[in-house]
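The values are calculated or read from the model by the stated rules, or taken from the named source; none is laboratory data. As the structure is a computational prediction, the values presented were derived from the model and not from experiment. Glycine also receives a Cβ, built like all others from the backbone with ideal geometry; neighbour counts cover every protein chain displayed.
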Amino acid sequence: MKILITGKDGQVGWELQRTLSTLGEVIAHDRHGLDLANPDSIRQAIRSAKPDLIINAAAYTAVDKAESEPELAMAINGIAPGIMAEEAKKMGAALIHYSTDYVFDGTKPAPYVEQDVTNPLNVYGKTKLAGEDAVKAAGCPFLILRTSWVYGGRGKNFLLTMLRLAGERDKLSIVADQTGAPTWSRMIAEATAQIVAQRKSGLSDLHGLFHLSATGSTSWHGFTEAILSNRNVSEVSARPQLLPISTAEYPLPAARPMNSRLSCGSLQQAFGLELPAWDVSLRLCMADL
């Protein structure tokens, strides 16, 4: 099996190269080899590789910046996945695409299931939803995996930002009224590899949208508290004071859903997969750092 991965230097894309290496020939591109903002670049890379499976781990993820760059965000998150799906259909390949909890408005009091009505609050969420729709419309075998609060040991993410700020400041004010499941990029990659391994002989049967995030939930404040607790105390200075604040006290260009919890029961039923608890994964990730 030949597998083409986009976003090879990103949080999930980098992990996918390792987890998929035993399942086939992996061809991984960064934006220089496959530019999601350039339709011709997408088509050329796919037609040259002739993959059996395309995994789109690249995205425009600067949530606040997307408010001022909606066209670029739409090109990368909304239009590019549709082009990949169209190319996949032409050559009989399958596509795995990652989406986000931000397709929901966060007003539901319980975790979101796949069938819940979407209503994104920001440009990023709207463009990711457009990408989902484009993949579905293309008619190729596909799997869309919605995840949440992704972090890892590389790139730009909340974990690495908090570790940096904890070493620079004596006080951290963190939002405490938004709830979600921090999800380690390695867990996303390993779950993806397990799905591919299960369906290796029948990728043409791939079809559907599933939620894929860590078990349990917390707030950004709770996430930060766990990060600070898991730091290697022999290597860090004094612990900064951690203050809970409301979303209203920390205004940002892009609105965020208050509830980002995703129900992952459908994934467990279809593939027998359940990600570890968010705090367990965090400890493993930080030990790996």
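If the condition is being outside any strand (DSSP E or B), in contact (Cβ under 8 Å) with a residue 12 or more places away in the chain and hydroxyl-bearing (Ser, Thr, Tyr), then region 1-41 contributes only 19.
Being modelled with pLDDT of 95 or more and either among the aliphatic types (A, V, I, L, M) or farther than 19 Å from residue 160 by Cβ (or both) is true of residue 262.
Just the residues that are out of contact with any strand residue (DSSP E or B) (no Cβ under 6 Å at 6 or more places or on another chain) and either surrounded by 20 or more Cβ atoms within 10 Å (Cβ to Cβ) or closer than 14 Å to residue 226 by Cα (or both), please, taken from region 162-174. Listed by number, the residues that qualify are 162, 163, 166, 174.
Apart from one condition, residue 72 fits all of (1) buried (at least 18 other Cβ atoms within 10 Å of the Cβ); (2) among the hydrophobic types (A, V, I, L, M, F, W, C); (3) farther than 26 Å from residue 191 by Cα; the exception is (1).
Residue-by-condition table, conditions (1) surrounded by 14 or more Cβ atoms within 10 Å (Cβ to Cβ); (2) touching a Phe, Trp or Tyr at 6+ places or on another chain (Cβ under 9 Å); (3) of a type in the set (Lys, Arg); (4) not in a helix (DSSP H, G or I):
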| position | (1), (2), (3), (4) |
| --- | --- |
| 222 | yes, no, no, no |
| 226 | yes, yes, no, no |
| 242 | yes, no, no, yes |
| 281 | yes, yes, no, no |
| 285 | yes, yes, no, no |
